[in-house]
1. Determine whether the range 213-224 contains at least one residue that is over 25 Å from Ser109 (Cα atoms), loosely packed, with under 15 Cβ neighbours inside 10 Å and in contact (Cβ under 8 Å) with a residue 60 or more places away in the chain.
2. Somewhere in the range 159-169, is a residue within 25 Å of Thr94 (Cα to Cα) and open to solvent by 60 Å² or more (accessible area, probe 1.4 Å)?
3. Residue under question is Thr268, and the condition is that it be touching a residue at least 60 places away in the same chain (Cβ under 8 Å) and not in a helix (DSSP H, G or I); does it hold?
4. For Leu270, are the conditions met, namely being modelled with pLDDT of 90 or more, within 16 Å of Leu298 (Cβ to Cβ) and either crowded, with 18+ Cβ neighbours inside 10 Å or under 16 Å from the mean Cα position of the chain (by Cα) (or both)?
5. In the range 63-116, how many are among the small types (Gly, Ala, Ser) and under 26 Å from Asp203 (Cβ atoms)?
6. How many residues, within the range 57-80, are in contact with an Asp or Glu (Cβ under 9 Å, 6 or more places away or on another chain), assigned to a helix (DSSP H, G or I) and over 13 Å from Phe285 (Cβ atoms)?
7. Considering the range 81-97 alone, what residues qualify as being closer than 30 Å to Ser185 by Cα and not in a helix (DSSP H, G or I)?
8. Taking Ile58 and the conditions (1) of a type in the set (Val, Ile, Thr); (2) open to solvent by 70 Å² or more (accessible area, probe 1.4 Å); (3) within 29 Å of Met190 (Cα to Cα), which numbered condition does it fall short on, given that it satisfies the others?
Amino acid sequence: MSDATKARDATRALVVPPEMRRIARRGARGDGLAALGFLSPLAVGVLVFIAVPAGLSIVMSLFDVGLGGATFVGLANYQRMLGDPLFWSSLGVTLIYAAVFVPALTVASLSLALLVHTEYAGVGLWRALLLAPNAVSLVATALVWRFLLADGNGTIANIAGALGLPVPSWLGEPGWALTTVIGISVWSFMGFYMLVMVGGRQDIPAELYEAARIDGASAPQQFWRITLPMMRPTIFFVVLMGTVIGLTGLQSFDLVFVMTKGGPANATSLTIYYIYQQAFQYGQFGYAAAMSTVLTVLMFVTAAVFFRTTNSGRFDVEE
């Protein structure tokens, strides 16, 4: 039999009968409908609670919306934003907050995860204690910390005074106030992201560490050569979520609202708090919507840069 005949027979053998193709198409349509059914609740939630409000916010930003009604003003709210020093001040505070909060949260959660990822006596209790701050509402957290850090008669001030130690005005000095808010934010969220890091650490095969120990690698070398590279996707997730938290300030809003009211001297006035003031204290809903739109765009641009520079969180994986 010639090579041409063999090739022709092999090609015919690969041809799928029409009935099989129809069955495959019906199966593909069924899989598509099943996937659509599973995704539809999430899609409806995203549409109702995110897409529609975001679209209405963009539309509202083009109007002067107050208690007396709405008047179309075009881009006037955005022009006002460019000349508003308090907006730029709040944006600067937000960027400082995010720039400190994200690395601190990442380092704290990773450090705690490395301490509690193995099973030993009492590790469950330690995990529960470290996770406890995340289970408490931020309003309650802010009230407790405001009581502890109160000038003069706060618990921490009383203890430091009894020991003869100087105590700064934690919530009364601009520099200390923002530092305090950041520290309490990290303390509140590090327990949850510790669990995320624990999951990433436990996914690393134990054989890698056994081989490293046999080769004489020290604990620091194992961390830098095995743990850190293998946990990069998990760390990426924590950094991304921390950035979203830091830029939007939705979680830290409660702390600022209860503890400092944006003070002193606007030192803790995050953009989200300034938006709240413009909308609900001054009735400038259109201007607040414009600032919300800019903040949302900033968040999406930052997330896009993260995904672009890390190959969608996969780093060295080739497309």
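The values are calculated or read from the model by the stated rules, or taken from the named source; none is laboratory data. It should be emphasised that the depicted structure is a prediction, and the values quoted were computed from it without experimental measurement. Glycine gets a Cβ as well: all are built from the backbone with ideal geometry, and neighbour counts include every protein chain shown. Surface areas here come from the heavy atoms of the whole protein model, side chains and all, with no ligands, DNA or RNA. Shrake-Rupley method; radii C 1.70, N 1.55, O 1.52, S 1.80 Å.
1. Going residue by residue through the range 213-224, those that are over 25 Å from Ser109 (Cα atoms) are 213-216.
Add one more test, that the residue is loosely packed, with under 15 Cβ neighbours inside 10 Å, and what stays is 213-216.
The next check asks that each one be in contact (Cβ under 8 Å) with a residue 60 or more places away in the chain; those that pass are none.
No: the range 213-224 contains no residue that is over 25 Å from Ser109 (Cα atoms), loosely packed, with under 15 Cβ neighbours inside 10 Å and in contact (Cβ under 8 Å) with a residue 60 or more places away in the chain.
2. First, the residues of the range 159-169 that are within 25 Å of Thr94 (Cα to Cα): 168-169.
If we keep only those that are open to solvent by 60 Å² or more (accessible area, probe 1.4 Å) too, we end up with none.
No; the residues of the range 159-169 include none that is within 25 Å of Thr94 (Cα to Cα) and open to solvent by 60 Å² or more (accessible area, probe 1.4 Å).
3. Numbers: touching a residue at least 60 places away in the same chain (Cβ under 8 Å): yes; not in a helix (DSSP H, G or I): yes.
So Thr268 fits the description; yes.
4. Values: modelled with pLDDT of 90 or more: yes; within 16 Å of Leu298 (Cβ to Cβ): yes; either crowded, with 18+ Cβ neighbours inside 10 Å or under 16 Å from the mean Cα position of the chain (by Cα) (or both): yes.
Yes, satisfied.
5. Kept after step one, since they are among the small types (Gly, Ala, Ser), are these residues of the range 63-116: 66, 68-70, 74, 76, 83, 89-90, 92, 98-99, 104, 108-109, 111, 113.
With the extra rule that they be under 26 Å from Asp203 (Cβ atoms), the set shrinks to 104, 108-109, 111, 113.
Total satisfying the criteria: 5.
6. Step one: list which residues in the range 57-80 are in contact with an Asp or Glu (Cβ under 9 Å, 6 or more places away or on another chain), which gives 70-73, 76-77.
Adding the requirement that they be assigned to a helix (DSSP H, G or I) leaves 76-77.
Next, from what is left, pick out any that are over 13 Å from Phe285 (Cβ atoms): 76.
Count: 1.
7. Here is the first cut: in the range 81-97, the ones closer than 30 Å to Ser185 by Cα are 81-82, 84-97.
Within the range 81-97, just Asp84 meets the criteria.
8. (3)
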